[in-house]
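Shown next, in structure tokens, is the structure this report addresses.
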Amino acid sequence: MMDEASLELFEEYRRKYDGSVDRALAETIQAIALLGLSRTDFFSHAAFYGGTALRLLFNLDRFSEDLDFSLIQPVKTFRFSDYFNAMQEELEAFGFSVTITEKLKNLKTPVESAFVKANKRLHAIEAGAPKTIADRIHRDAVCKVKLEIDVDPPPHAEFYVAYIDEPVPFSIQAYSGPSLFAGKMAAVLSRGWQNRIKGRDWYDFAFLVRKNIPLLLPHLEARLRQKGFYTQEAPLDKDQCFDMIDSRIEAVDFDLAKADVAPFIRRPKDLEVWSKDYFRHVLKNLQFK
């Protein structure tokens, strides 16, 4: 059975998502998995970043599915799988029954991946979810939390020690806000333009600008060079960056972008303002570091 701390956290997330067991379970697992990693030397080698980092550390108001990490610098002997037991033991200590499996790595990518899997119906029942809700969940339904770590990190990121209070207080190493912003904009600019539009990236872009978090330009340049997206000899400057983002705005179908992000936020009506003109307004307020 889940212990009191995990039950309280689960209920807090379930209220946040209007009774959604799936999202409450995923976010509870995310928090406890981070706690498990914090009890090892993991964060002496790696830092937390991505959408879930924005949610937990900067109060981003959208659901994020994954736990994303990056090594601080390449370590040839690093193995993500070395830390699976610590996460599993922590989750079991809080009353969760999970499996953690490594995903076979694609040789073309520097990213290692794994999945934490938990039976959704079983944990909904253990958490005391109303029977009417639990009965609607298939007995074999699985909640999956994806974990990824970049083992070939681009340079010039900045890091800081961050604190998370739930389910118990603990500390981790994380990307700074400007470094997180650089990673987000690298995704916005370098994703294949013919692929499905990631409205979540644009949502986070607007959020970071509203929060007055500057974009760390040297780290963005390093990420774009690593991806082969920026190849000029001269350093990337602010004017070039503005032009690149403006060109990307012109190419995006923001109706498709809204459809992508709407399931991940509580008030989809907040997206009604989205348009090319709106994001050019956001772009005007972009700050750099």
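Look through Ala234, Ala262 and report the one residue that is of a type in the set (A, V, I, L, M), farther than 22 Å from Tyr175 by Cβ and in a helix (DSSP H, G or I).
The match here is Ala262.
Restricting attention to region 76-85, does a residue exist that is more than 27 Å from Ser179 (Cα to Cα) and surrounded by fewer than 20 Cβ atoms within 10 Å (Cβ to Cβ)?
Initially, region 76-85 is screened for residues more than 27 Å from Ser179 (Cα to Cα), giving 85.
When the remaining residues are screened for being surrounded by fewer than 20 Cβ atoms within 10 Å (Cβ to Cβ), the result is 85.
Checked against the condition, which is being more than 27 Å from Ser179 (Cα to Cα) and surrounded by fewer than 20 Cβ atoms within 10 Å (Cβ to Cβ), region 76-85 yields at least one hit.
Do we find that Ser70 is in the same structural domain as Leu25 (by TED's automatic domain parsing), of a type in the set (Ser, Thr, Tyr), under 20 Å from the mean Cα position of the chain (by Cα) and not in a strand (DSSP E or B) in this structure?
no
Does any residue in region 203-215 that is among the aromatic types (Phe, Trp, Tyr) come within less than 6 Å, Cβ to Cβ, of a residue that is assigned to a helix (DSSP H, G or I) six or more places away or on a different chain, and which pairs are these?
Pairs found: Tyr203/Val261.
For Arg225, indicate whether it is in contact (Cβ under 8 Å) with a residue 40 or more places away in the chain, in a loop (DSSP other than H, G, I, E, B) and among the charged types (D, E, K, R).
no
Quickly run through region 86-96 and pick out the residues that are touching a strand residue (DSSP E or B) at 6+ places or on another chain (Cβ under 7 Å) and surrounded by fewer than 19 Cβ atoms within 10 Å (Cβ to Cβ). Write out each step before concluding.
Here is the first cut: in region 86-96, the ones touching a strand residue (DSSP E or B) at 6+ places or on another chain (Cβ under 7 Å) are 87-88, 91, 96.
Gln88, the sole residue that qualifies.
Between Ala259, Ala222, Ala182, which is surrounded by 13 or more Cβ atoms within 10 Å (Cβ to Cβ), out of contact with any Pro (no Cβ under 9 Å at 6 or more places or on another chain) and among the aliphatic types (A, V, I, L, M)?
On inspection, the qualifying residue turns out to be Ala259.
Count, please, the residues in region 56-79 that happen to be over 29 Å from Lys16 (Cα atoms) and at pLDDT below 95. Before you say what the answer is, go through the steps one by one.
Restricting attention to region 56-79, the residues satisfying the condition of being over 29 Å from Lys16 (Cα atoms) are 71-79.
Restricting the remaining residues to those that are at pLDDT below 95 gives 73-79.
Residues meeting the conditions: 7.
The values are calculated or read from the model by the stated rules, or taken from the named source; none is laboratory data. Everything numeric in this text was worked out from a predicted model, so none of it was measured. As a convention, Cβ positions derive from the backbone with ideal geometry for all residues, glycine included, and neighbour counts pool all protein chains shown.
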